[in-house]
Amino acid sequence: MIHPEHTVIGKISYTNSWPVFHNFHPSSLSFPAEMVSEVPAILNQGMASGEIHVGALSSFAYAAASDRLVLLPDLSVSADGPVKSILLFSRMPARNIGTGRIAVTNTSATSVNLLKILMERAFGAGPEYISAAPDLNEMMEQNDACLLIGDHAIRASWQDQGYYVTDLGALWKEWTGHSMTFAVWAVNREAAVHKREAIAEIAEAFARSKQRGLSELSPIIQAACSTIGGTAAYWREYFRNLCYDFGERQQEGLNLYFRYAYEMGLLPQEVKMELWSHNLLTRVKE
């Protein structure tokens, strides 16, 4: 049960956000706060409704509630090329799937919609999408391809099953020349007004945690090895390859993704990204 007086912080449980969260401790803040670690759907709902005041959420979930949220500056999970954990496994090259069937994991709207944009816009394809539990063998039993994300994608990438493997981060970069942002940190607009000092302190704590996490990766690598498996060398490269900033390059790539999503009817409204700062909101350049 969430305490009504507490400032509530949402935490994505995916490994790729660990470097930002590893050294972030709500107990060290100067006011009562608690962290809620939940599946994305619950976090997304809580951020939109205001029950969760600040935290990480998927890019697409932010877009769907962008009228109620503002973005924390310089925090994201992005990749300027391969992301290594959003992978399409297919029986034929991805560009040849055409009107085939693709099984998609039901846990990530950001990745599924990125796949739809790439299939339709980059390849002119119109496949059928089937929602399925994230199990490579079961997904491929009756489908031409399947999309896995996060730890499921990583584990599957360690075994050669004889499928073509397409990294959606790499494909997006190849097709658009842009970076892709998969998760952002945002603040509910009401909290941004009514809890201004608390949000400022949380933003600073996240910035420090990110800096320390990236300069001291060893404990995060060890946690990944013991939780998911794999080698320290794999995880070091995995975390080093990701970008946790949200500068102009990341904003441009995300703006483009949102534009395509809106044009294809995947988003009901255009997204105007706004960045939180202690004194005012900053509209992101179009």
**Prompt:** Which of (1) touching a His at 6+ places or on another chain (Cβ under 8 Å); (2) part of a loop (DSSP other than H, G, I, E, B) does Leu267 not meet, given it meets every other one?
**Reply:** (1)
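Taking Arg249 as the residue in question, decide whether it is without any contact (Cβ under 8 Å) to a residue 60 or more places away in the chain, assigned by TED's automatic domain parsing to the domain that holds Ala33, under 18 Å from the mean Cα position of the chain (by Cα) and surrounded by fewer than 18 Cβ atoms within 10 Å (Cβ to Cβ).
Numbers: without any contact (Cβ under 8 Å) to a residue 60 or more places away in the chain: no; assigned by TED's automatic domain parsing to the domain that holds Ala33: yes; under 18 Å from the mean Cα position of the chain (by Cα): yes; surrounded by fewer than 18 Cβ atoms within 10 Å (Cβ to Cβ): yes.
Spelling it out, it is not the case that Arg249 is without any contact (Cβ under 8 Å) to a residue 60 or more places away in the chain, assigned by TED's automatic domain parsing to the domain that holds Ala33, under 18 Å from the mean Cα position of the chain (by Cα) and surrounded by fewer than 18 Cβ atoms within 10 Å (Cβ to Cβ).
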**Request:** Answer yes if at least one residue in the stretch 18-33 is in contact with a helix residue (DSSP H, G or I) (Cβ under 6 Å, 6 or more places away or on another chain), part of a strand (DSSP E or B), assigned by TED's automatic domain parsing to the domain that holds Glu190 and not hydrophobic (A, V, I, L, M, F, W, C), and no otherwise.
**Result:** no
**Fill in**
Scanning the stretch 109-153 residue by residue, the ones that are within 21 Å of the chain's Cα centre (by Cα), assigned to a strand (DSSP E or B) and over 18 Å from Asn16 (Cα atoms) total 4
**Complete:** Per the filter on the stretch 90-108, residues over 19 Å from Tyr260 (Cα atoms) and either in a loop (DSSP other than H, G, I, E, B) or in the same structural domain as Tyr262 (by TED's automatic domain parsing) (or both) are Arg91, Met92, Pro93, Ile97, Gly98, Thr99, Gly100, Asn106, Thr107
**Message:** Looking at Asn143 and the list (1) under 24 Å from Tyr238 (Cβ atoms); (2) crowded, with 21+ Cβ neighbours inside 10 Å; (3) in contact with a Gly (Cβ under 9 Å, 6 or more places away or on another chain), which single condition is not satisfied?
**Reply:** (1)
**Message:** Tally up the residues in the stretch 200-218 that are in contact (Cβ under 8 Å) with a residue 12 or more places away in the chain, over 23 Å from Thr231 (Cβ atoms) and within 21 Å of the chain's Cα centre (by Cα), please.
**Reply:** 9
**Message:** Which numbered condition in (1) over 15 Å from Ile9 (Cβ atoms); (2) modelled with pLDDT of 95 or more; (3) out of contact with any helix residue (DSSP H, G or I) (no Cβ under 7 Å at 6 or more places or on another chain) is the only one that His194 fails?
**Reply:** (2)
**Request:** Scan the stretch 141-158 and report the pairs whose first residue is on the phi > 0 side of the Ramachandran plot and whose second residue is surrounded by fewer than 22 Cβ atoms within 10 Å (Cβ to Cβ), with Cβ atoms within less than 6 Å and a gap of 6+ or a chain change.
**Result:** Gly150/Tyr14
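The values are calculated or read from the model by the stated rules, or taken from the named source; none is laboratory data. Please read all numbers here as calculations on a predicted model, not as lab measurements. Using ideal geometry, Cβ is built from the backbone for each residue, glycine included, and neighbour counts are taken over all protein chains shown.
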